[in-house]
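The values are calculated or read from the model by the stated rules, or taken from the named source; none is laboratory data. Just so you know, these numbers come straight off a predicted model, no measurement behind them. All Cβ positions, even for glycine, are placed from backbone atoms using ideal geometry, and neighbour counts span all protein chains on display. For the accessible areas, the whole protein counts, side chains as well, though only heavy atoms, and no ligand, DNA or RNA atoms are used. Shrake-Rupley method; radii C 1.70, N 1.55, O 1.52, S 1.80 Å.
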Amino acid sequence: MAVSFSFSAIVGQDEMKLAILIAAIDPSIGGVLVFGDRGTGKSTAVRALAALLPKMRAVVGCRYGCDPSNSSSSCEDCAALRSATNAPPKSHLVPVPVVDLPLGATEDRVVGALDLERALSQGVKAFEPGLLARANRGFLYIDEVNLLEDHLVDLLIDVAASGENVVEREGLSVRHPARFVLVGSGNPEEGELRPQLLDRFGLAVVIKTPVDLAARVEVVSRRDAFEQDAAGFTEKWKKEDERTRRRIIAGRTRLSQVNIPDAARERAAQLCTALGTDGLRGDLTLIRAARALAALEGDAEVTDAHLRRVAAPALRHRLRRNPLDDSGSSVRVDRAVTELMGA
Ligand SMILES: [Zn+2]
């Protein structure tokens, strides 16, 4: 496997880094949408984060990389193996997968293909797993998600939300675990996502080419240093990456113990009401993201400070266009936060 750029060495892009850290702590948040110009290294942060995560234990020979210690989320093959041998299956350590979904991928390639002919002639359920199988327990990255067909985006979000891929053809069906963090990138100038789809993504972040001269110089010099000597570069950032890794592991264990006081729930509701977001998905995501952030920071309960930091990524893509207010959605969220919680 090629060496990934170090997560800690990414200059700026703080909101993007925070968003994928939060999604890694609590994948139920529902994926991250990244808006930005071409060449801003949108996929770098995802690959860097996946490379930083601890290797995962997976069942040897399982096509879905099932977790041997979690029988409730295992595939049919692993479940059968388990009941036949009555022992935990053999396992090995594998890197957290990052799967790229190329534009123009067919539905079969994405969800997997059922071989109906073999099923009819030989009576076997022949299933060729797709990209969703490979992404199980990792990340699924879609470049230019706004150019993907709507029905495919819909399907991906459904699978990401349920953690299971179900393929049905002519009365035959196959299901397998497919828990992954969906990361979609989009170029705002090329086609828009329907609002219904936008709303289904958990977080949305905006990254820009740095305008600050020093930051620009730093981005280029680090990239250059990495390309000259990847091993030396990785070594230099190892300590910092290790610290982030420990924060993620601790955050995941702490997540379920983080307290959400009623005051924080009310704050989230007030903020969403002030912004006029449709439905309750905004409130829910805002609270979950704030909880994941608290877990990441080692805090025992959700406070205004957490809500404030995740408000823009959790809400900016859920705002209706207001013809009387031309300011961008990030500005509108910031303004509502300030009005509610003070500057
Ligand atoms: Zn399995």
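Within the bounds of region 28-36, is there any residue that is assigned to a helix (DSSP H, G or I) and either under 27 Å from GLU240 (Cα atoms) or under 18 Å from the mean Cα position of the chain (by Cα) (or both)? Checking region 28-36: at least one residue is assigned to a helix (DSSP H, G or I) and either under 27 Å from GLU240 (Cα atoms) or under 18 Å from the mean Cα position of the chain (by Cα) (or both). Within region 67-84, residues that are free of Cβ contacts under 8 Å to residues at least 60 places away in the same chain and more than 9 Å from the ligand (Cβ to nearest atom) reach no partner that is open to solvent by 90 Å² or more (accessible area, probe 1.4 Å) and of a type in the set (S, T, N, Q) with beta carbons closer than 6 Å at six or more positions or on different chains. A count restricted to region 113-151 and to residues that are surrounded by fewer than 18 Cβ atoms within 10 Å (Cβ to Cβ), within 18 Å of GLY31 (Cβ to Cβ) and acidic (Asp, Glu) stands at 3.
Quick one: in region 279-291, of everything that is out of contact with any Leu (no Cβ under 9 Å at 6 or more places or on another chain) and among the charged types (D, E, K, R), which residue is least open to solvent (accessible area, probe 1.4 Å)? Going through the qualifying residues, I end up with ARG288. Checking each residue of region 85-95 against the condition of being in contact (Cβ under 8 Å) with a residue 12 or more places away in the chain, under 25 Å from ALA292 (Cβ atoms) and either out of contact with any Leu (no Cβ under 8 Å at 6 or more places or on another chain) or more than 16 Å from the ligand (Cβ to nearest atom) (or both) gives at least one match.
The lone criterion from (1) more than 16 Å from the ligand (Cβ to nearest atom); (2) more than 27 Å from THR44 (Cα to Cα) left unmet by VAL111 is number (2). When ARG216, ARG169, ARG223 are checked against the criterion of being touching a helix residue (DSSP H, G or I) at 6+ places or on another chain (Cβ under 8 Å) and away from the ligand (no atom under 16 Å from the Cβ), a single residue qualifies: ARG169.
Entry remark, region 172-198: residues being in contact with a His (Cβ under 7 Å, 6 or more places away or on another chain) and either charged (D, E, K, R) or within 16 Å of the ligand (Cβ to nearest atom) (or both) number 0 in total.
Do you know which residues across region 43-76 are open to solvent by 10 Å² or more (accessible area, probe 1.4 Å) and β-branched (Val, Ile, Thr)? Correct list: THR44, VAL60. The test for being surrounded by fewer than 15 Cβ atoms within 10 Å (Cβ to Cβ) and either among the β-branched types (Val, Ile, Thr) or in a helix (DSSP H, G or I) (or both) does not hold for ALA294. Residues that are more than 17 Å from the chain's Cα centre (by Cα) and on the phi < 0 side of the Ramachandran plot do not occur anywhere in region 131-145.
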